[in-house]
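Presented below is the structure to which this report refers.
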Amino acid sequence: MAQYENRLQTGTAQRAGVEVDQGLRTYMLGVYNYMAGGIALTGVIAYAMVAMLSTNDPSLSALTMRNGVMLTQTGAAVFTSPLMWVLALAPLGFVFYLSFRVHKMSAASAQIAFWLFAAVMGASLSTIFLRYTGQSITQVFFVTAAAFASLSLFGYTTKKDLTGWGTFLIMGVIGIVIAAVVNMFLQSSALQFAISAIGVLVFAGLTAYDTQQIKDGYYELSGDAQALAKGAIMGALSLYLDFINMFTSLLQLFGNRE
């Protein structure tokens, strides 16, 4: 009788383990789908915005040159005016909004905010099409995608606890932000190179770290469907930011300028 009960308990535990593993895979797939969708939307918006605000027709009047690209009047108003600062800072506002408000939002509202953020980020990143060649952007994108996939897989599968990386990596991000602000005034190419190189390393580490944190978060949120839905969106936001920042850092290091 005791042996039968032991076998019954073991079978129940195994079934529960299978259900948890299946739930985790579904959860992580949802996170990656959100992230991939966000990156795709960002790319489409960035390309479409430059296509609408630039032209190859030199016969048009009142054209403005920016990094070898001819801008229409509207394009000049966007890319060479204080409005550019609005585009640059708007994504940061969305990140803070989601971070502080997500617990009070429904999953549907959080999802809408995420898509709006990805669209605004696309408008903000549209200037890369004015600074780098299309071939260069494509090549760096695929290099970033390959590196991101490898690092995220490591974070998902490793048995090593990466929690200790968190403080160091966050300090690295703060240092990068401060250095970037300082370099806005110094305009030092050497400092910009250092910022980009360190940025690649920091966001590579964050990709693995965030993936493990998202995975661990599933076990904490398991059983609460609403919390899991919002957790997947916030996880996608974290990985999205890791990808975008690693991509822009690599582009600044290896991209060919127009």
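The values are calculated or read from the model by the stated rules, or taken from the named source; none is laboratory data. Predicted model only: the values in this text are computed from it and were never measured. In this analysis, Cβ positions are derived from the backbone assuming ideal geometry, glycine residues included, and neighbour counts consider all displayed protein chains.
With respect to Gln212, determine if the residue is at pLDDT 95 or above and of a type in the set (S, T, N, Q).
When the stated conditions are applied, Gln212 passes them.
If I go through the range 82-120 residue by residue, how many of them are of a type in the set (A, V, I, L, M, F, W, C) and touching a Phe, Trp or Tyr at 6+ places or on another chain (Cβ under 8 Å)?
Result for the range 82-120: 9.
In the range 100-144, what count of residues is obtained for those that are without any contact (Cβ under 8 Å) to a residue 12 or more places away in the chain and under 18 Å from Leu239 (Cβ atoms)?
Matching residues across the range 100-144 total 1.
Hey, among the residues in the range 86-117 that are of a type in the set (Phe, Trp, Tyr) and either closer than 19 Å to Leu41 by Cβ or at pLDDT 85 or above (or both), which one's farthest from the chain's Cα centre (by Cα)?
Among them, the one singled out is Tyr97.
Using beta carbons and a limit of 9 Å, which pairs, at least six apart or on different chains, have the first residue in the range 22-45 and among the aliphatic types (A, V, I, L, M) and the second one surrounded by fewer than 22 Cβ atoms within 10 Å (Cβ to Cβ) and outside any helix (DSSP H, G or I)?
Going by the 9 Å Cβ cut-off, the qualifying pairs are Leu24/Ser222.
Taking the range 173-230, which residues are surrounded by 16 or more Cβ atoms within 10 Å (Cβ to Cβ), farther than 22 Å from Thr248 by Cβ and of a type in the set (Phe, Trp, Tyr)?
Tyr218 - this is the single residue of the range 173-230 that is surrounded by 16 or more Cβ atoms within 10 Å (Cβ to Cβ), farther than 22 Å from Thr248 by Cβ and of a type in the set (Phe, Trp, Tyr).
Name the residues in the range 93-111 that are surrounded by 13 or more Cβ atoms within 10 Å (Cβ to Cβ) and among the hydrophobic types (A, V, I, L, M, F, W, C), would you?
Going residue by residue through the range 93-111, those that are surrounded by 13 or more Cβ atoms within 10 Å (Cβ to Cβ) are 94-95, 97-98, 102, 105, 107, 109-111.
Across the range 93-111, the qualifying residues are Phe94, Val95, Leu98, Val102, Met105, Ala107, Ala110.
For the range 109-218, please list each of the helices (runs of 4 or more DSSP H) lying entirely inside it that holds at least 1 residues being basic (Lys, Arg). Don't jump to the end; show me each part of the working.
Details: elements: 128-131, 134-157, 165-186.
Here the list reads 128-131.
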